[in-house]
Structure formats: C-alpha cells, structure tokens
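First the structure, in the form of structure tokens, and then the observations on it.
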Amino acid sequence: GEMLSLELILKWSSKPSLNMYNAYGPTECAVGVSAIKCHASMPYPQSIGIPFQNLLAYIVDGNDPTILCPLGVPGELCIAGPQVARGYLNLPEKTNEVFVPNPYLPNDQGKMYRTGDLCRWLPDYTIGFMGRIDHQVKLRGFRIELGEIENVLMQHEFVSLCVVILRNDQLVAYLESDSIDVVNELSEYAAKSLTSYMVPSVFVVLDEIPRTTSGKIDRKALVKIPHKETQHDILADGLPSNDVEVELK
C-alpha cells in the first residue's frame with residue numbers, strides 16, 4: 001500500500017535470479033489492476049504499468065470525472081471493468097460517492113471506481129502513481145497536491161524517499177538521502193518543475209522516515225518532529241534523524 005521507492009528497486013534488481021514487479025490494485029477492484037516489471041535503469045520508478053486485460057483506466061480531473069487529463073497532467077485515477085465491485089455493503093452514501101456512472105461508455109455500461117489516487121500518464125504511456133488526492137492542502141489560497149511535490153523531489157538522484165507535509169503554514173519536505181548536502185540544491189531543483197508556491201520552504205534530512213507497525217509512512221509522527229528555523233540542530237525524540245535541516249528563503 002505504499003509507493004515503491006527507487007532504493008527498493010535498486011536493492012532487488014541487483015539479484016539477477018529474481019524478477020521484481022511494481023503491482024497496483026485497490027480492494028474495490030478485486031485487488032489486481034496493473035503491474036510493471038522493475039529494473040535499475042527504469043526511467044520512472046513510480047510507474048504502476050498499464051491495466052490488466054479487460055480493465056479500463058482513466059485519469060480524470062479531480063473535480064469533474066467527465067474531463068480526461070492529457071499526457072503528463074496529474075488527475076484522479078478511475079478504474080472500470082468486470083473486476084470493479086458493486087459498492088460497499090450497507091454504505092450507500094459512500095458507494096454513490098466513489099462508484100459512479102462511467103461517462104466514457106455508451107448506454108450506462110457499468111460504473112467506474114474513483115480510486116482517490118493521484119496519477120498521470122507518463123511519456124511511455126504507463127500510469128505514474130503520485131500519491132493520494134486526500135493529501136491535498138490549501139496554502140495562501142492555492143490548492144496543492146503534496147504527492148506532486150514528492151514525485152518531483154524523488155526524481156533527484158540523491159533522494160530515495162520524500163514526504164511533504166503542511167506545517168505551520170509552510171511546506172516541509174522530509175527526505176531520506178545519503179547526501180547531507182542535497183538540501184542545498186533541492187529548492188532550485190524543485191523550482192524547475194513546480195510553481196513557486198509549491199516549492200517547500202524547509203527540507204529535513206532523516207536517516208529513516210518513520211513508519212507505522214504495518215510499514216506505511218507515519219505522517220503523524222513526522223508532525224511531531226521538532227524543527228528550528230536555523231541551519232542546524234534537528235533531533236527527534238524516539239525517531240531516527242541526523243542534525244541537518246536547512247530553511248531556504
């Protein structure tokens with residue numbers, strides 16, 4: 001249930017006797033939706049491949065599922081086909097919210113499931129997974145998809161994992177990286193692909209981003225990590241970290 005990291009791809013692709021696949025599939029779609037074989041040189045580590053046979057995938061405008069997003073533009077991933085469930089048992093309101101009529105098939109031929117996942121079509125026409133739409137925040141009047149920021153930062157060669165949160169009206173990026181000095185260039189790097197209000201104000205390098213007992217990223221634990229508005233001295237009680245934080249003005 002987590003985005004596949006480049007670190008894991010490199011770890012397992014070094015074993016020639018193994019095949020590693022990045023698989024994707026919500027429970028509401030009978031689990032299996034798409035997959036892609038991973039390798040060390042794959043250009044898009046976050047790709048989840050193309051839909052399996054008999055399934056249809058649409059990336060739509062988050063506010064209007066009747067509008068398709070063009071190549072490269074982030075939107076909500078919707079799934080249609082025989083694997084899609086009929087709904088949630090005894091939860092009609094939730095069912096009607098995410099299992100909606102498919103506007104792309106004539107004569108009301110089934111429904112599609114709105115996954116709530118932020119995705120985009122990649123240049124190789126596979127699906128790029130970027131995070132959850134419910135991680136959208138509002139900052140100074142702008143709606144921001146945190147997953148889009150994380151996706152850009154993880155393209156940097158020295159960033160193996162990134163989580164961005166809104167904290168005290170600032171975008172804070174928490175990073176796993178082997179290079180302490182990477183924070184000095186990330187602001188400029190992010191600005192090449194993101195509008196100015198989406199570039200994090202603070203970059204924090206951690207030895208390891210905290211996770212829950214089930215292995216998922218623990219965003220609540222990140223919020224508890226104290227950070228200063230100075231160039232050094234960051235320590236997290238009970239959480240692994242190093243002593244580097246840089247606020248880029």
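The values are calculated or read from the model by the stated rules, or taken from the named source; none is laboratory data. Since we're looking at a predicted model, the values are computed, not measured. FYI the Cβ positions are ideal-geometry reconstructions off the backbone, even for glycines, and counts take in every protein chain you see. Just so you know, the surface numbers come from the protein's heavy atoms only, side chains and all, with ligands and any DNA or RNA stripped out. Shrake-Rupley method; radii C 1.70, N 1.55, O 1.52, S 1.80 Å.
Worth pointing out:
- Accessible area of the stretch 12-128 divided out per residue, in Å², using a probe of 1.4 angstrom: 56
- Extreme residue, positive dipole direction of the stretch 134-227, given options A190, A221, P210 (C-beta unit charges): A221
- Magnitude of the charge dipole, the stretch 111-180, Cβ model with Lys/Arg +1 and Asp/Glu -1, debye to 20: 500
- For L139, residues with placed amide H under 5 Å, excluding near neighbours: I144
- Structural descriptor for the stretch 112-183: relative contact order 18 percent, calculated from alpha carbon pairs under 8 angstrom and at least 6 residues apart.
- The portion of the accessible surface of the stretch 33-83 made up by carbon and sulfur, rounded to a whole percent, is 59 (1.4 Å probe; DNA, RNA and ligands excluded).
- Shape category assigned to the stretch 107-217 from the gyration tensor of Cα positions, a/c cut at 1.5: prolate
- For K192, the lysines whose Cα falls under 25 Å of its own Cα, not counting residues fewer than eight places away in the same chain, are K138, K249.
- Packing, taken as the mean count of other beta carbons within 10 Å per residue, orders the peptides 92-103, 71-82 from highest to lowest as 71-82, 92-103.
- Choice from I36, I127, I48 with maximal GNM fluctuation in the chain (Cα, 10 Å cutoff): I36
- Pairs spanning more than 29 Å between alpha-carbon atoms, out of K11/K216; K37/K216; K15/K224: K15/K224.
- Dipole of the stretch 1-155 [Lys/Arg +1, Asp/Glu -1 at C-beta], most positive-end residue of P106, P92, I127: I127
- Computed about its Cα centre, the charge dipole of the chain is approximately 740 debye, with only Lys, Arg, Asp and Glu carrying charge at their Cβ.
- For the stretch 1-23, the residues whose amide N sits under 20 Å from a probe point set 7 Å from the Cα of K37 along the beta carbon direction are 4-6, 8-23.
- Over the chain, dividing the summed -39,500 (n - 2.57) contributions of all DSSP H runs of at least 4 residues by the number of residues returns a 222 nm mean residue ellipticity of -4000 deg cm²/dmol.
- Environment charge of D169, counting only residues whose C-beta is closer than 11 Å and scoring Lys/Arg +1, Asp/Glu -1: +3
- Within a Gaussian network of the chain (alpha carbon springs, distance under 10 Å), most fluctuating of L175, L153, L68: L68
- When the square roots of the Cα gyration tensor eigenvalues are ordered a ≥ b ≥ c, the ratio a/c for the stretch 29-147 is 1.5 or more and a/b does not exceed b/c, which makes its shape oblate.
- GNM result for the chain, Cα springs below 10 Å: residue of R167, R132, R120 fluctuating most strongly: R167
- Taking amide hydrogens as placed 1.01 Å from N in the peptide plane, the amide H of M20 sits under 5 Å from those of C38, each at least 5 positions away in sequence or on another chain.
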